[in-house]
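Remarks on the structure that follows.
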Amino acid sequence: MKTIRIRKFTILSLFILLTLPWIFYVGGHFIETNSFNLGTPTHSKMTQIVAIITGLLLAFLIVTYAMRRYILIPLEKMSLCARQIAEGDLDIQIPSSRISEIAEVHDGFTIMVDSLKNLFRNRLNWKRNEGL
């Protein structure tokens, strides 16, 4: 899975937040005037205002959905995995993410769980050998 840095994700989110309302504004102006010339006077600005608000709301929905899907949900799942590891459950599936920094944390968790499994296995073998 290809990953993206959180800085790029933030820049793309800001780009969407700034661009989408502008595109909707131009679309609303075109509906009113049948022209892309923004200097053309209109009788009512209501269509353009509604278009800007709609574009802004849509942009916020898109960015919120993306942040929830690619950042918040993987972090919540990793937090749950950390609690399960603390309780001694080492047979867990750690979720991955498309955000590079979260993917790096995923790799660190995987290494930690593998190391703990090896440590417990070695400890168990040592206790068995000591008992003989």
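The values are calculated or read from the model by the stated rules, or taken from the named source; none is laboratory data. Since the structure is predicted, the reported quantities are computational estimates derived from the model, not experimental observations. Methodologically, a virtual Cβ is constructed for each residue, glycine included, from the backbone with ideal geometry; neighbour enumeration extends over all protein chains shown.
Annotations
- Test: residue in the stretch 110-126 that is assigned to a helix (DSSP H, G or I), acidic (Asp, Glu) and exposed (fewer than 12 other Cβ atoms within 10 Å of the Cβ): yes
- Any hit, the stretch 56-69, residues being over 30 Å from Asn118 (Cα atoms), modelled with pLDDT under 90 and crowded, with 16+ Cβ neighbours inside 10 Å: no
- Meets criteria (touching a strand residue (DSSP E or B) at 6+ places or on another chain (Cβ under 7 Å) and assigned to a helix (DSSP H, G or I)) for Ile71: yes
- Residue check, Ile99 of a type in the set (Val, Ile, Thr) and surrounded by 15 or more Cβ atoms within 10 Å (Cβ to Cβ): yes
- Any hit, the stretch 97-106, residues being among the hydrophobic types (A, V, I, L, M, F, W, C) and within 11 Å of the chain's Cα centre (by Cα): yes
- Every pair of residues 6+ apart whose Cβ atoms lie under 8 Å, when the first sits in the stretch 1-19 and is in contact (Cβ under 8 Å) with a residue 12 or more places away in the chain and surrounded by 12 or more Cβ atoms within 10 Å (Cβ to Cβ) while the second is in a helix (DSSP H, G or I) and among the aromatic types (Phe, Trp, Tyr): Phe9/Tyr70; Leu17/Phe60
- Total residues in the stretch 70-84, condition crowded, with 16+ Cβ neighbours inside 10 Å and either under 26 Å from Leu119 (Cβ atoms) or at pLDDT below 85 (or both): 3
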